[in-house]
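Okay, so here's the structure we're looking at.
The values are calculated or read from the model by the stated rules, or taken from the named source; none is laboratory data. All figures in this text were calculated on a predicted structure; none of them were measured in a lab. All Cβ positions, glycine included, derive from the backbone under ideal geometry; neighbour counts span all protein chains shown.
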Amino acid sequence: MNHPLHDYSQRSNLHHEVHARPPIALWPEERVCSQAFLMSGQQERETQIRWIDQVLACYPEASRLASSPGYKLIQIAEPPARLLLRWELHGEFSTLCLFHQAGTKDDSHDWSTSRHLLLEDFQTLLSNLGHPLPQNAFQNRIAASDLIIRPGPRVDDAATLSPLFSGNTLIGSTILGSLNAQVWTDLQLDSNGFVRLLVQHQGMGSRQAGRVAQRLIDIDTYRMMSMLSLPHAKGLSDPLKRAENELSHWANEMAKHQAVQPENESTPHEQLLNGLSSLASKVEDWISMHGLRFTASEAYSELVRRALAELKETPITGVQTLSEFMDRRFEPAIRTCRWTQRRLRELSDRVSRTTQILRTRIEFMTERQNQALLASMNRRAQLQLKLQQTVEGLSLVVLTYYSVGLVQYLAKGAKALGYSVPIDIVTAFAVPTIAIGLLLALRQARKRFAVD
């Protein structure tokens, strides 16, 4: 083809979207600290974008790393103490994640202290750059994960690692469908609000480690985002019960008035319609306020399930896996939210159906009343026509009488002038003649008006 080819204007953006958030290659021993922050408005979003752009400008080499409008990856420190900063912007929240490699030092025995030092050093570094972390834009923390990846032997007894997690009951499994990597956690918040996770492996690949880290962080972050709808579901429990009882009450009232005559039903139907309209407005208001939250919760929970599936867990004897824990602890909360959303939709449908039944009944009654009114108007019109015909007959007699009188006066006048006019005979012939003439004229007028 000789003519030039032109790409679709958004082709490049759509193509690179699949590469926008690539997994980060991690070293055999790595520390990952991730925090997710809810955003309450556009101002926080804009503040975060300005801040990350300012930090990015201090590291020209960062342009070689993955970067997109909602994703920035910056290498702040070089090996052997490599430090990566990853910022991600999502619809409702953003995440700050630090990837730290500091030789072969095992930080798990002093978990909180080493994390505090890492975050403190990071804050100091940002302050030295002149772009400290804007606290007003990172203030509603919803999730925080502290992950340590380290080489180590396979562990079959959870009690061996329990001291690392303050003696809490551990959740763990062999992951990736093999025997060379295990994940351990207690899914409890430590004194600084972090969930501690440990991945112990025997030669896991760098990209593989990056994907595992991302899946574990996603599980904790999206788990918490899913749970945001639980207070909404609990708060709607009693109002929904009252609304369902109210709908049942109005339905029973409709059934009670079903046998009432139409002419006596206007007031009850008005009360029923007002009550149902008020209930429908209330339910639609709940759907408007909470529907989006429930929909987002369902989407986030699906991401949790997908991340768990990608870990390909294999159970460790006597230890509950992450998937089992989520099925028993997380899924019931999500089912509560899902059931509340379903109750809202079904209540809205029931109110709509009941209102439609009532409206149909009112329309039927109105139609019956209109038919009765038309029948009454028809009877009145027929009666008026009969009265009019009677009046027309009387009018014909009156007109004939006066017309004959005029003819009689003319005959008398002619006789007074000397003409021989038989007055009685003229009067006798004038009566039928005038009556027939007036009758024909009246019929002609009726025909003319009927045609018009």
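Of all residues in segment 201-215, one or more are closer than 25 Å to Asp110 by Cα, in contact with a Gly (Cβ under 9 Å, 6 or more places away or on another chain) and surrounded by fewer than 18 Cβ atoms within 10 Å (Cβ to Cβ). Entry remark, segment 83-109: residues being at pLDDT below 90 and either of a type in the set (A, V, I, L, M, F, W, C) or touching a Lys or Arg at 6+ places or on another chain (Cβ under 9 Å) (or both) number 6 in total.
Scanning segment 151-173 for residues that are without any contact (Cβ under 8 Å) to a residue 12 or more places away in the chain and of a type in the set (A, V, I, L, M) yields one hit, Ala159. Within segment 175-225, the set of residues being of a type outside the set (A, V, I, L, M) and on the phi > 0 side of the Ramachandran plot comprises Gly177, Gly193, Gly203.
Can you spot a residue in segment 152-160 that is small (Gly, Ala, Ser), over 41 Å from the mean Cα position of the chain (by Cα) and surrounded by 13 or more Cβ atoms within 10 Å (Cβ to Cβ)?
The initial filter retains those residues of segment 152-160 that are small (Gly, Ala, Ser), namely 152, 158-159.
Now restrict to residues that are over 41 Å from the mean Cα position of the chain (by Cα): 152, 158-159.
Imposing the further condition that a residue be surrounded by 13 or more Cβ atoms within 10 Å (Cβ to Cβ) reduces the set to 152, 158.
Yes - at least one qualifying residue is present in segment 152-160.
Taking the criterion of being within 18 Å of the chain's Cα centre (by Cα), polar (S, T, N, Q) and surrounded by fewer than 19 Cβ atoms within 10 Å (Cβ to Cβ), the residues of segment 289-343 that qualify are Thr295, Thr336.
Looking only at residues in segment 194-218 that are within 12 Å of Ile175 (Cβ to Cβ) and not in a strand (DSSP E or B), the one that is farthest from the chain's Cα centre (by Cα) is Met204. Are any of the residues in segment 165-181 modelled with pLDDT of 90 or more and part of a helix (DSSP H, G or I)? Yes, segment 165-181 contains a residue that is modelled with pLDDT of 90 or more and part of a helix (DSSP H, G or I). All told, Ile434 meets the bar of being over 30 Å from Gly235 (Cβ atoms) and touching a Ser or Thr at 6+ places or on another chain (Cβ under 6 Å). For segment 410-431, a residue qualifies if it is exposed (fewer than 11 other Cβ atoms within 10 Å of the Cβ) and either assigned to a helix (DSSP H, G or I) or in contact with a Pro (Cβ under 6 Å, 6 or more places away or on another chain) (or both), and the qualifying residues are Ala416, Asp424, Ile425. Kindly indicate whether any position in segment 353-364 is part of a helix (DSSP H, G or I), at pLDDT below 75 and more than 60 Å from the chain's Cα centre (by Cα). So far as segment 353-364 goes, no, none of its residues is part of a helix (DSSP H, G or I), at pLDDT below 75 and more than 60 Å from the chain's Cα centre (by Cα).
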